[in-house]
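The values are calculated or read from the model by the stated rules, or taken from the named source; none is laboratory data. A quick note: this is a predicted structure, and the numbers were derived from the prediction, not measured. Cβ sites come from the backbone with ideal geometry, for glycine too, and all protein chains shown count toward neighbours.
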Amino acid sequence: MTDTQPTHTSGSPSLENLLHETRSFPPSAEFAAQANAQPALYDDAKADRLEFWAEQARDLVSWHTPFTETLDWSGAPVARWFADGRLNAAYNAVDRHVEAGLGDRVALHFEGEPGDTRTVTYADLQREVSRAANALAALGVTAGDRVVIYLPMLVESVVAMLACARIGAPHSVVFGGFSADALRSRIADAQASLVITADGGYRRGAASALKPAVDEALAPREGEPETTVRHVLVVQRTDQEVAWTEGRDLWWHEALESADTFHEPVWVEAEHPLFILYTSGTTGKPKGILHTTGGYLTQAAYTHKNVFDLKPETDVYWCTADIGWVTGHSYVVYGPLLNGATQVIYEGTPDTPHRGRWWELVQKYNVSILYTAPTAIRTCMKWGEDIPARFDLSSLRVLGSVGEPINPEAWMWYRRVIGGDEAPIVDTWWQTETGAIMISPLPGVTATKPGSAQVPLPGIVAEVVDDEAHAVPNGGGGYLVLSEPWPSMLRGIWGDLERYRDTYWARFEGLYFAGDGAKKDEDGDIWLLGRVDDVMNVSGHRLSTTEIESALVSHDIVAEAAVVGASDETTGQAVVAFVILRGEHAHRASDAESAAQVQEELRAHVAKEIGPIAKPRKILVVAELPKTRSGKIMRRLLRDVAENRAVGDATTLADSSVMELIAAGLAAPS
Ligand code: ATP
Ligand code: MG
């Protein structure tokens, strides 16, 4: 791909731009003609950005009291959007569709891991959400009270979130895979009055318990204040035995049975808090991100409609994210439901009972829009393309990616094997903090490039800047910033305005600092290069983890790669790589000799793709990588291992044994 060696750019500490990509995929004329988003959308937004957002807010959201003011930025960096308007999120997601005569449309095709299914129409959803809202109100939950939701992926999870929104009680969803301690600290941080959980859920073919973690999280502890939680609502999913605290615990189904199916939504101000959600913790301790109602809903609906080209009458949409992540909030619950979509939700893992389960579901429900994460795509690459080949995936017409930079080769695989070489891929960059997609191709407009999120959406202003906050020229690398407030931006970190300012607004005056490294290519398209915290400095060159990982993944035998900079006496830092081989090549690292050969081959490959400076000092073949529960690689833990330090905060790690295995491998001679 590249034949030039990177030049040393002393004086400019910004990231170097190493990997080159020339492939480009314009939308077909047919797709472009029918697309929701046409090129004029960019012009409209440019002509009058605030008026553009006001129009989106009026078109895509129903207001109980219309707003007259679009943006109040006088309290920067805390924005107020559409502040004098009143609305209700659950009404927008559900009731208005029923009122429009769409009550019979399927909202959710639920698929349990054991194979049980449930079809929920918008009318069903309205009844359930109203009942749940009445049940919450009967338990004394009122507008402003925080409710923690700790559930597997169930219909009830969606209902619970919407019921909270209906009464104006901000929800804080805690991923069902988190420990009692993680749950406890999040409950305490939010001072929640109610927890909604389940007896358990199905995962990897077995019923796993959830309620005991809640009991443990609420148990009194020496030296800690008494819990603020008064009630626990328990969804019955697995029928397993549960411990019961009389007076505190109630069954969800019993509470709903006795509740009325009519509930008048609580009309809240646009800036009323809708939810708190903690970040993944990829780079450090999770932050409780606060989102409010009107602006958040506007951008969630706008992006969902335009980025995925949703046609609610005909599409079947599936976002594989858990509701415990922001993607599950914006692109399972609020965005799709506001747009009246029909969607699939799936409880379990992609390999239960077999590795083709996702593709079987695509075939079964005729899924036309699929939104998933690079980690899932790379896992499927590892398992082999013969698995998806067994299913009919021809219904797919748009594919989305989120969560990490997608390596160009993973992108190409996604397009070819899953998308039949036709479906446009939208690589969507955003964060818990941004609330909704910020940078992404528009599928009917943008000629896509493997590995690049490319362009800010109409209405969004993003830039790549150097240390002095100057925009870098095309071809340059630096830091991704957002230069103008946007409707779904966070309104702060729960209970800690100072940390909000410090984390996002202190680095560059007046600019939101996302924490991600990025570059602009010769066309001015944006490429995400990984976390600034993860950037390596090798002999004065600032190298991106993403580019070296992508070079490794572009070798036939590699499915996944994670790269870190470990301190090195001579070069400052040295590149250390951890790779997972594709299934059919796994045997190639079965003994020390062949592992050494693989290492040499991959080092040479990186040198050829990027340049000798990026050549890893050490490449370790591993079976798994440490990932957060949302599937992001936790490079900071690998760096701890590579530098022989005690491993840092790993509470959001999906599988803690992974780190021990890797440490053992690193200690062994290679
Ligand atoms: P923490 O902030 O606690 O370390 P986190 O950043 O992993 O956690 P999220 O908000 O879930 O928590 O993740 C947002 C980050 O994910 C972005 O800042 C970016 O690094 C990465 N990301 C998301 N989508 C993309 C994408 N399409 N391309 C590149 N990176 C992406
Ligand atoms: Mg982050």
Taking Val532 as the residue in question, decide whether it is more than 16 Å from ligand 2 (Cβ to nearest atom) and surrounded by 16 or more Cβ atoms within 10 Å (Cβ to Cβ).
-> no
For segment 159-204 the number of residues that are touching a Pro at 6+ places or on another chain (Cβ under 7 Å) and either modelled with pLDDT under 95 or among the basic types (Lys, Arg) (or both) is 2
A careful count of residues in segment 399-416 that are closer than 18 Å to Trp383 by Cα and within 16 Å of ligand 2 (Cβ to nearest atom) gives 0
Within segment 97-111, identify whether any single residue is in a strand (DSSP E or B) and either acidic (Asp, Glu) or at positive phi (or both), and answer yes or no.
-> yes
Please verify whether segment 487-497 includes one or more residues that are touching a strand residue (DSSP E or B) at 6+ places or on another chain (Cβ under 7 Å), aliphatic (A, V, I, L, M) and within 16 Å of Ile460 (Cα to Cα).
-> yes
Among helices (runs of 4 or more DSSP H) entirely within segment 589-670, at least 3 residues that are in contact with a helix residue (DSSP H, G or I) (Cβ under 6 Å, 6 or more places away or on another chain) and farther than 30 Å from Lys285 by Cα occur in 592-609
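To keep it simple, each residue is scored yes or no on (1) more than 19 Å from Ala642 (Cβ to Cβ); (2) touching a residue at least 60 places away in the same chain (Cβ under 8 Å).
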site	(1), (2)
Trp505	yes, yes
Tyr512	yes, yes
Glu522	yes, no
Trp527	yes, yes
Ser544	no, yes
Ser554	yes, yes
Is it the case that some residue within segment 343-359 is in contact with a Gly (Cβ under 8 Å, 6 or more places away or on another chain), among the polar types (S, T, N, Q) and within 16 Å of ligand 1 (Cβ to nearest atom)?
-> no
Return the residue satisfying two criteria in turn: it lies in segment 424-464 and is small (Gly, Ala, Ser), surrounded by 21 or more Cβ atoms within 10 Å (Cβ to Cβ) and part of a loop (DSSP other than H, G, I, E, B), and of such residues it is nearest to ligand 2 (Cβ to nearest atom).
-> Gly435
Identify, from the list Ala207, Ala217, Ala243, the residue that is assigned to a helix (DSSP H, G or I) and either in contact with a helix residue (DSSP H, G or I) (Cβ under 6 Å, 6 or more places away or on another chain) or among the small types (Gly, Ala, Ser) (or both).
-> Ala217
Take Trp505 and decide whether it is within 16 Å of ligand 1 (Cβ to nearest atom) and crowded, with 24+ Cβ neighbours inside 10 Å.
-> no
Would you check which residues across segment 90-142 are of a type in the set (Gly, Ala, Ser), over 19 Å from Ala160 (Cβ atoms) and under 27 Å from the mean Cα position of the chain (by Cα) and list them?
-> Gly115
Residue list for segment 197-219, filter: surrounded by fewer than 23 Cβ atoms within 10 Å (Cβ to Cβ) and either out of contact with any strand residue (DSSP E or B) (no Cβ under 7 Å at 6 or more places or on another chain) or of a type in the set (Asp, Glu) (or both) = Asp199, Tyr202, Arg203, Arg204, Gly205, Ala206, Pro212, Ala213, Asp215, Glu216, Leu218, Ala219
Identify, please: which residue in segment 253-292 is of a type in the set (S, T, N, Q) and more than 16 Å from Leu87 (Cβ to Cβ) and is, among those, farthest from ligand 2 (Cβ to nearest atom)?
-> Ser258
Go through (1) away from ligand 2 (no atom under 16 Å from the Cβ); (2) part of a strand (DSSP E or B); (3) of a type in the set (Phe, Trp, Tyr) and name the single condition Trp486 misses.
-> (2)
For Pro350, are the conditions met, namely being buried (at least 24 other Cβ atoms within 10 Å of the Cβ), free of Cβ contacts under 8 Å to residues at least 40 places away in the same chain and not basic (Lys, Arg)?
-> no
Consider Tyr500 against the criteria (1) more than 27 Å from Val564 (Cα to Cα); (2) of a type outside the set (Val, Ile, Thr); (3) within 16 Å of ligand 2 (Cβ to nearest atom); (4) at pLDDT below 95: it satisfies all of them except one. Which criterion is unmet?
-> (4)
Please work out which one of (1) surrounded by fewer than 19 Cβ atoms within 10 Å (Cβ to Cβ); (2) without any contact (Cβ under 8 Å) to a residue 60 or more places away in the chain; (3) closer than 30 Å to Asp72 by Cβ; (4) among the hydrophobic types (A, V, I, L, M, F, W, C) is the condition Ala192 fails and give its number.
-> (1)
Looking at segment 402-423, which of the residues that are among the aliphatic types (A, V, I, L, M) and free of Cβ contacts under 8 Å to residues at least 40 places away in the same chain is surrounded by the most Cβ atoms within 10 Å (Cβ to Cβ)?
-> Ala423
Looking for whichever is on the phi > 0 side of the Ramachandran plot and within 13 Å of ligand 1 (Cβ to nearest atom) here; the options are Gly400, Gly420, Gly459, Gly451. Which one fits?
-> Gly451
What number of residues in segment 509-540 are within 30 Å of Ala270 (Cα to Cα) and either within 16 Å of ligand 1 (Cβ to nearest atom) or acidic (Asp, Glu) (or both)?
-> 7
Matching option when the condition is of a type outside the set (A, V, I, L, M), away from ligand 1 (no atom under 16 Å from the Cβ) and surrounded by 12 or more Cβ atoms within 10 Å (Cβ to Cβ), among Thr238, Thr279 = Thr238
Any chance Gly284 is assigned to a loop (DSSP other than H, G, I, E, B), surrounded by fewer than 20 Cβ atoms within 10 Å (Cβ to Cβ) and either away from ligand 1 (no atom under 16 Å from the Cβ) or within 19 Å of the chain's Cα centre (by Cα) (or both) = yes
Do any residues in segment 379-401 that are in contact (Cβ under 8 Å) with a residue 24 or more places away in the chain and of a type in the set (Gly, Ala, Ser) have Cβ atoms under 8 Å from those of residues that are assigned to a loop (DSSP other than H, G, I, E, B) and within 16 Å of ligand 1 (Cβ to nearest atom), where the two are at least six apart or on different chains, and which pairs are they?
-> Gly400/Phe308; Gly400/Thr428; Ser401/Ala373; Ser401/Thr428
